[in-house]
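The values are calculated or read from the model by the stated rules, or taken from the named source; none is laboratory data. Bear in mind the structure is a predicted one, so any value in this text is a computation, not a measurement. Here the Cβ is made from the backbone with ideal geometry for all residues, glycine too, and neighbour counts use every protein chain on show.
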Amino acid sequence: MTTETAASPRALAWQRRRHSAARFWKQYRTHRAGLFGLATLALFALLALTAPLTVGSDVQSVTRAPGQPLESPSGEFPLGTDRFGRSLLGLLIWGARVSLLVGLLAAVLSVAIGAFIGITAGHFRGRYATVIMRITDWFLVMPTLVLAIALATVMSRSLGTIVLAIGVTTWPTTARLVRAQTLAVESRPYIERAKALGGGHGHIMSRHVLPNVMPLVLAQTTLIISSAILAEATLAFLGLGDPTVVSWGGLLQDAREAGAVSAGDWWYLVPPGIAIAVVALAFTLCGRAVESVLNPRLGVAR
Amino acid sequence: MSSLQKAAAPPVLTEPAARRTSGPAYLRYGAGKVGGAAVSLLAVLVTGFFLFRLIPGDPVKTMTGGRPVSAEQLAAYRREFGLDLPVWQQFTDYCGKALTGDLGTSYQFRAPVLDKITEALPNTLLLTGTAFVLYTALGIFLGTRAAWRHGGLGDKLNTGLALTLYSVPSFWLGLLLIIVFSVGIGPIPGLFPTGGMESGGEEGFAYVLDVAHHLILPVITLVAVEYGQTLLVTRSALLDEMGGDYLTTARAKGLRDDLVRRRHAVPNALLPTVTLVFVNLGRTVAGVILVETVFSWPGLGGLFYQALSVPDLPLVQGLFFFFAAAVIVMNTVADLVYPLLDPRVGR
């Protein structure tokens, strides 16, 4: 392939990609649940990104809290105040930043590990694959949360720890799916052609296998974000989160410690839980819609 | 081969399907599975050790929780828990003891970890067992209904509700149930106890009723967050079977719709469901830890939370080993039962 003609195949490739993206969107649009999920996510992302403008980082300050501790909802504080007198609505919006960020980063880490292991295990067969898949199976049956808790216990309390603890415990399902897809891709004739033309392992894995498993990886990421957000909330609730930042799980832990349960202060507990559930549900709905567009045989999201 | 992969793609039939699992082949398959489980357990043991020893941080410092402690006291603690020995010696001691059932001594309770576990185990089994039976039955029942009339209103409502409850944090649902049904809100009086397992002072049948009364809310919480998974798995497994020619045959010979579903479709769809129910036990463990924490249920999950808040490393480590071992053992049992249900597997 010479340099003059190189531009035209590239343009062709981009055209093809645009077409398939348009086709994907056309099919995705027919999934009403998926659209609902997408709209919800857009709303939450907007709230989280504009939080510095709407509520400001002052909302976290314990010493300069504007209200009395544990006020019930009123005109000034639509969702009441927490045990330090901070506005719960403000904290809820501010907490979205941490919950979404940790969920996203943990899911990306998890899927990256899973994709790497899945592709290499599918590409290099033999002893390497056997050992790697044994390890994957071992992680697969391990109680994920217990492992994540153990990791979070022995490491320092920080958001990085939470991301790491969730990321390194949730990759096995992705690894299995990606490996299966890699095996299917590698049995196609064009891989043999690439090998015959002298393509090395790295070239085949990154140029031929990776683009083909990418859609699957994306669908998997969306699904994993939802469980990562739940896992983050759980770890924060168990007191393993970063005590210096506000997250939805941390708010629930605060509420429980402040005795909101026995006092019947439902307005302290209800909003963070709904926020977690709605965002987790939205990611699940999107993931299922993407999955069913890519793999219509599943027919799950309809 | 993993149970998940097996569930996704049943092995290709190379021999007549009518042949039942033969004795020696099954034994070979079983031995392989048990051997694999033994290796997994060993891996858990080693992971447990290195996870809690070699990661930066001094367990004694963690134990004293940053309080000012004199050097002599630190040294005494190190001796008491064997932390002054070289790591390899700690490791061999730990493995030798673990094999004889000695999981160390809890910092917090000053009692053998194994004693604490056996004390709490029956309570956890009562809660988890009840919830497991209920959510599996409910999930399979609703999943079958949803798939059989898929696309209908019932299916959409069912799947939607299951997905929503699946996204709800279990601890939050538990807290809400406590507020509404134990503390009481508005016109609803406190119907159920806020936590624990018994009120004390009851005996005989009254005691059983009292425990059952305490059991209701935790079980509802666990069932609500867990049944969705079983429902979705059953639903997609049954949808996979729906196009099968054998169902058309069954209908063609004039069987009622109900019989086609119960006798022909569901038994086949249950096969992958059984495996996935066991693979997902790890998730149930997470649910149990949270629900027990929220409802102060005196089981393993509540114990785990107590151990975490100190943190009481030997107890955390012992429970980590126990939870992982329990899930591995249950999965092996599922692997061993599977060929008896599906003769195509394990020949």
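Side notes on the structure shown:
- Only one of A:L41, A:L53 that is assigned to a helix (DSSP H, G or I) and exposed (fewer than 11 other Cβ atoms within 10 Å of the Cβ): A:L53
- Answer residue from the range A:87-120, given it is surrounded by fewer than 24 Cβ atoms within 10 Å (Cβ to Cβ) and over 19 Å from A:L41 (Cα atoms) and is nearest to the chain's Cα centre (by Cα) among those: A:L109
- Residue identified as within 8 Å of chain B (Cβ to nearest Cβ), farther than 27 Å from A:D58 by Cα, among the aliphatic types (A, V, I, L, M) and out of contact with any Cys (no Cβ under 6 Å at 6 or more places or on another chain) among A:L281, A:L294, A:L230: A:L281
- Among the residues of the range A:236-256, those that are surrounded by fewer than 24 Cβ atoms within 10 Å (Cβ to Cβ), more than 10 Å from chain B (Cβ to nearest Cβ) and in contact (Cβ under 8 Å) with a residue 40 or more places away in the chain comprise A:D242, A:P243, A:V245, A:D254.
- If you filter the range B:138-187 down to residues that are modelled with pLDDT of 85 or more, closer than 22 Å to B:W297 by Cβ and among the small types (G, A, S), you find that the one that is farthest from the chain's Cα centre (by Cα) is B:G174.
- Any chance A:S158 is surrounded by fewer than 16 Cβ atoms within 10 Å (Cβ to Cβ) and of a type in the set (S, T, N, Q): yes
- Condition broken by A:A121, with the remaining ones in (1) over 23 Å from B:K33 (Cα atoms); (2) touching a residue at least 12 places away in the same chain (Cβ under 8 Å) satisfied: (1)
- A:L269 within 11 Å of another protein chain (Cβ to nearest Cβ) and within 20 Å of the chain's Cα centre (by Cα): no
- Filter result for A:V178 (surrounded by fewer than 24 Cβ atoms within 10 Å (Cβ to Cβ) and among the β-branched types (V, I, T)): no
- Scanning the range A:151-165 for residues that are touching a helix residue (DSSP H, G or I) at 6+ places or on another chain (Cβ under 8 Å) and away from every other protein chain (no Cβ under 12 Å) turns up A:L159, A:I162, A:V163.
- For the range A:187-204, the condition of being part of a helix (DSSP H, G or I), hydroxyl-bearing (S, T, Y) and either touching a Gly at 6+ places or on another chain (Cβ under 7 Å) or closer than 19 Å to A:T221 by Cβ (or both) holds for none of the residues.
- For first residues located in the range B:317-344 and touching a residue at least 60 places away in the same chain (Cβ under 8 Å) and facing chain A (nearest Cβ under 10 Å), partners that are basic (K, R) and assigned to a helix (DSSP H, G or I) and lie 6+ apart or on another chain with Cβ distances below 8 Å form the pairs B:T332/B:K33.
- Unmet requirement for B:I185, which otherwise passes all of (1) within 13 Å of another protein chain (Cβ to nearest Cβ); (2) over 26 Å from B:L157 (Cα atoms); (3) of a type in the set (A, V, I, L, M); (4) in contact with a Pro (Cβ under 8 Å, 6 or more places away or on another chain): (4)
- Positions within the range B:280-316 being more than 30 Å from B:V183 (Cα to Cα), facing chain A (nearest Cβ under 10 Å) and part of a helix (DSSP H, G or I), in sequence order: B:L281, B:G282, B:L313, B:V316
- The range A:222-235, subset within 9 Å of A:F283 (Cβ to Cβ) and of a type outside the set (G, A, S), residue surrounded by the fewest Cβ atoms within 10 Å (Cβ to Cβ): A:L223
- The range A:120-150: number of residues that are part of a helix (DSSP H, G or I) and more than 7 Å from every other protein chain (Cβ to nearest Cβ): 17
- Hey, A:A289 part of a helix (DSSP H, G or I), surrounded by 22 or more Cβ atoms within 10 Å (Cβ to Cβ), facing chain B (nearest Cβ under 9 Å) and within 22 Å of the chain's Cα centre (by Cα) or not: no
- The range B:235-253: number of residues that are more than 12 Å from chain A (Cβ to nearest Cβ), in a helix (DSSP H, G or I) and either in contact (Cβ under 8 Å) with a residue 12 or more places away in the chain or on the phi > 0 side of the Ramachandran plot (or both): 4
- When we screen A:T234, A:T170, A:T182 for residues that are among the polar types (S, T, N, Q) and either assigned to a loop (DSSP other than H, G, I, E, B) or within 13 Å of the chain's Cα centre (by Cα) (or both), the only hit is A:T170.
- Selected residue [closer than 30 Å to B:G36 by Cα, modelled with pLDDT of 85 or more and not assigned by TED's automatic domain parsing to the domain that holds B:E80] from B:G318, B:G254, B:G302: B:G318
- Whenever a residue of the range B:154-167 is within 8 Å of chain A (Cβ to nearest Cβ) and closer than 19 Å to B:R283 by Cβ, its partners that are of a type outside the set (A, V, I, L, M) and assigned to a helix (DSSP H, G or I), lying with C-beta atoms within less than 7 angstrom and at least six residues away or across chains, give the pairs B:L163/A:T284; B:L163/B:G228; B:Y166/B:G228; B:Y166/B:Q229; B:S167/A:S226; B:S167/A:T284.
- Breaking point among (1) free of Cβ contacts under 8 Å to residues at least 24 places away in the same chain; (2) buried (at least 21 other Cβ atoms within 10 Å of the Cβ); (3) over 19 Å from the mean Cα position of the chain (by Cα), for A:A277: (3)
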